[in-house]
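The values are calculated or read from the model by the stated rules, or taken from the named source; none is laboratory data. All figures in this text were calculated on a predicted structure; none of them were measured in a lab. Counting neighbours? That spans all protein chains shown, and the Cβs are built from the backbone with ideal geometry, glycine included. Please note that ligands, DNA and RNA were not included when accessible areas were found on the heavy atoms of the full protein model with its side chains. Shrake-Rupley method; radii C 1.70, N 1.55, O 1.52, S 1.80 Å.
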Amino acid sequence: MIREVLRMGDPRLLRVAQPVTQFSTPQLDALLQDMRDTMAQLDGAGLAAPQIGVDLRVVIFGSISNPRYPDAPVVPATVLINPELVPLSDDEEEGWEGCLSVPGLRGWVPRWRHLRYAGCDETGQRFERTVDGFHARVVQHECDHLDGVLYPMRVRDFRRFGFIEELFDGQTPPLAD
Ligand code: NI
């Protein structure tokens with residue numbers, strides 16, 4: 001079921017979300033299906049449960065076959081629950097971000113370049129990945145939602161934060177997640 005995505009300003013986006021304690025439940029499966037349906041409908045690259053008002057540490061992401069962004073780097077379709085992120089160096093990389101909770105806008109955001117992340121899938125199976133670049137950016141953006149952080153809070157240069165139409169002048173804007 002497609003759910004309403006909360007927009008920045010809604011206090012539910014500012015909560016520190018709760019860990020998932022039970023896996024492979026009908027409730028968790030239904031949540032993930034709603035998140036997939038909502039992300040697909042809005043052509044997002046990722047979605048966090050708090051964005052649909054659910055106070056749990058659950059994110060999904062993946063950029064496979066998004067017709068709006070044929071040249072986007074491929075990130076495998078992933079369910080990540082109770083994530084832990086560890087930067088692997090001090091290196092930062094800046095890039096454009098958008099968010100379904102901040103529609104119509106893009107900002108230039110610094111993120112860790114190299115990252116290890118771990119967490120569970122929907123069955124409770126633990127997994128770990130070492131990633132960099134765009135994949136690392138998407139994970140950091142989505143996991144920030146679990147701690148009540150929206151990407152505008154990480155923008156340093158507000159000259160590079162604004163409306164898509166003004167920033168990109170008719171060209172394809174970078175990914176929204
Ligand atoms: Ni977002």
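Annotations for the structure displayed:
- Failed item in (1) surrounded by fewer than 16 Cβ atoms within 10 Å (Cβ to Cβ); (2) within 16 Å of the ligand (Cβ to nearest atom); (3) acidic (Asp, Glu); (4) at pLDDT below 95, with Asp177 passing the rest: (1)
- Among the numbered conditions (1) open to solvent by less than 10 Å² (accessible area, probe 1.4 Å); (2) hydrophobic (A, V, I, L, M, F, W, C); (3) within 27 Å of Glu4 (Cα to Cα); (4) more than 12 Å from the ligand (Cβ to nearest atom), the only one that Leu56 does not meet is (1).
- The single condition among (1) surrounded by 15 or more Cβ atoms within 10 Å (Cβ to Cβ); (2) within 15 Å of the ligand (Cβ to nearest atom) that Asp147 does not meet is (1).
- Criterion (within 13 Å of the ligand (Cβ to nearest atom) and more than 23 Å from Phe127 (Cβ to Cβ)) met by exactly one of Leu47, Leu13: Leu13
- Condition met for Val20 (over 14 Å from the mean Cα position of the chain (by Cα), within 23 Å of Met153 (Cα to Cα), away from the ligand (no atom under 13 Å from the Cβ) and assigned to a loop (DSSP other than H, G, I, E, B)): no
- Residue ID - farthest from Val20 (Cα to Cα), chosen from residues in region 94-131 that are assigned to a strand (DSSP E or B), open to solvent by 50 Å² or more (accessible area, probe 1.4 Å) and among the acidic types (Asp, Glu): Glu94
- Some residue of region 66-81 being out of contact with any Gly (no Cβ under 6 Å at 6 or more places or on another chain), at pLDDT 95 or above, more than 15 Å from the ligand (Cβ to nearest atom) and open to solvent by 10 Å² or more (accessible area, probe 1.4 Å): yes
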